[in-house]
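Take a look at the structure set out below.
The values are calculated or read from the model by the stated rules, or taken from the named source; none is laboratory data. This is a predicted model, so every value here is computed, not measured. So basically every Cβ, Gly included, is an ideal-geometry build from the backbone, and we count neighbours across all protein chains shown. The accessibility values were calculated without ligands, DNA or RNA, using every heavy atom of the protein model including side chains. Shrake-Rupley method; radii C 1.70, N 1.55, O 1.52, S 1.80 Å.
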Amino acid sequence: MLYQVRHRTLFRYTYPVRFARCNLRLQPVEWAGQTLESFDLKLSPTARITGTRPIGYLGHVARMVVEKPSRELEIESRFRIRINRPLPLPLPGDPTVAQVAAAARVTLDIGVESPANYIYPSPSIPLSTAITAWCSELLDPDRGIVEAGLALATRIHDRFTYDGSATTVDTSPIEAFEKRHGVCQDFAQIMIAGLRGIGVPAGYVSGYLRTIPPPGKTRLVGADATHAWVVIWCGEERGWLGFDPTNACMVGSDHIVTAMGRDYADVAPIVGVFTGQEGQKIEVAVDVEPVG
């Protein structure tokens, strides 16, 4: 599949902003099964941008600085990306949950994709005994890791309600877990907390979903904005595989990976500060369309 993606974010300020500085993590990474063919970033008003560089985890960041007073700031990224990622399936020879946890503990890899980076709690995803206990019901040590991961993603989808008004970007996993309501960020972070609680490496992915589904398929939840899901390190042979608890599925050709980190704070598409009086509104529009 070849996709054309447009991501537009518009900030409207109640009073003119004198200065703004943002980190933009909008350029997709090279990831198994996807190849970025072009990328373009447009800003209005014109802003100063530093060159794109790697983040501490798997991703790219560009620094944007606006130094002229303005009441609006528009950030638009457009890119074409080719996806060739068959939908993975559980296999009889998959390592078990216990084997994956043991292999991650003794790895000597210190690269950005090392499973050792994703075993421990992170600032936005602390460990929780309640979440670990609930997730562990499906994470039997002798169960195949891919089968177990898909079962857990499906359970979160079935037991939680997608509700955009129930949580905010700062809601902790335990708060969302207790409410049983939330959005893709909450579901991903709950799943990650449960996996890390038993020593299985799990990362947080920011990306996109195909906007219009193929004929005969239902539309995936979260397709009108940036989406979040989970990647689990499934051993040396299978590597990192994606699991989408919002849609109870594994990650195939309908998902586009932008960045991978320990939690949302590592990969948030746009973060920053501005100088001025309080009061702003944000509008976000995302389109992911097949080409041809």
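When averaged across all projection directions, what area in nm² does the alpha-carbon convex hull of the stretch 201-273 cover? Spelled out: convex hull of the Cα atoms, projected over all directions, averaged, 5.6 nm². Summing Cβ point charges (Lys, Arg +1; Asp, Glu -1) relative to the Cα centre of the chain gives a dipole of roughly 900 debye.
Normalised size of the stretch 119-182, defined as Cα radius of gyration per 2.2 N^0.38 Å with N residues, equals 1.20.
Separation of the stretch 157-236 and the stretch 52-119, taken as the distance between their Cα centroids, equals 15 angstrom. Counted over all Cα-Cα pairs of the stretch 92-146, pairs farther apart than 17 Å make up 51 percent.
Think of a 1.4 Å ball rolled over the protein heavy atoms: the chain then has 46 Å² of accessible area per residue.
Relative to the dominant Cα principal axis of the chain, helix 97-106 is inclined by about 70°. Among the protein heavy atoms, those of Asp94 account for about 20 Å² of accessible surface (1.4 Å probe, every chain in place). Where is the GNM fluctuation largest for the chain (alpha-carbon springs, 10 angstrom cutoff): Ile55, Ile110, Ile190? Checking each option, the largest mean-square fluctuation is seen for Ile110. Relative to the longest principal axis of the Cα atoms of the chain, the long axis of helix 145-159 makes an angle of roughly 60 degrees.
When Arg80, Arg53 are compared by accessible area of protein heavy atoms, the largest-first order is Arg53, Arg80, using a 1.4 Å probe. Principal semi-axes of the equivalent ellipsoid, √(5λ) from the alpha carbon gyration tensor of the stretch 50-158, are 36, 18, 18 Å from largest down. Ignoring ligands, DNA and RNA, what percent of the 1.4 Å accessible area of the chain is carbon and sulfur? For the chain, the apolar C and S fraction of the accessible surface comes to 52 percent.
Given contacts defined as C-alpha pairs under 8 Å and at least six residues apart, what's the relative contact order of the chain, whole-number percent? About 29 percent, as a whole number. Taking every DSSP helix (H) stretch of at least 4 residues in the chain, weighting each as -39,500 (n - 2.57) and dividing the sum by the residue count yields a mean residue ellipticity at 222 nm of -6000 deg cm²/dmol.
log₁₀ I(q)/I(0) of the stretch 145-233 at q = 0.10, 0.14 Å⁻¹, via Debye over equal Cα point scatterers, no solvent, to two decimals? At q = 0.10, 0.14 Å⁻¹ the computed log10 ratios are -0.26, -0.51. Taking Thr107, Thr46 and ordering them by how much accessible surface each has at a 1.4 Å probe, largest first, produces Thr46, Thr107.
Other residues whose C-beta falls under 14 angstrom from the C-beta of Arg159 contribute a net charge of -2, scoring Lys and Arg +1 and Asp and Glu -1. Between the listed residues Ala130, Tyr3, Ser38, the Cα displaced farthest toward the positive end of the dipole of the chain, a dipole computed from Cβ unit charges relative to the Cα centre, is found at Ser38.
Taking 0.890 mPa s as the viscosity and 25 °C as the temperature, the Stokes-Einstein diffusion coefficient of the chain based on its alpha-carbon Kirkwood radius rounds to 124 µm²/s. Taking Val231, Val221, Val169 as the candidate residues, the one with maximal mean-square fluctuation in a Gaussian network model of the chain, Cα springs under 10 Å, is Val169. For the chain, with a Gaussian network of springs between Cα atoms less than 10 Å apart, report the residue from Gly59, Gly216, Gly194 with the top mean-square fluctuation. In the Gaussian network model the winner is Gly216. In terms of overall dimensions, the C-alpha atoms belonging to the stretch 148-189 reach 28, 15, 15 Å along their principal axes, ordered largest to smallest.
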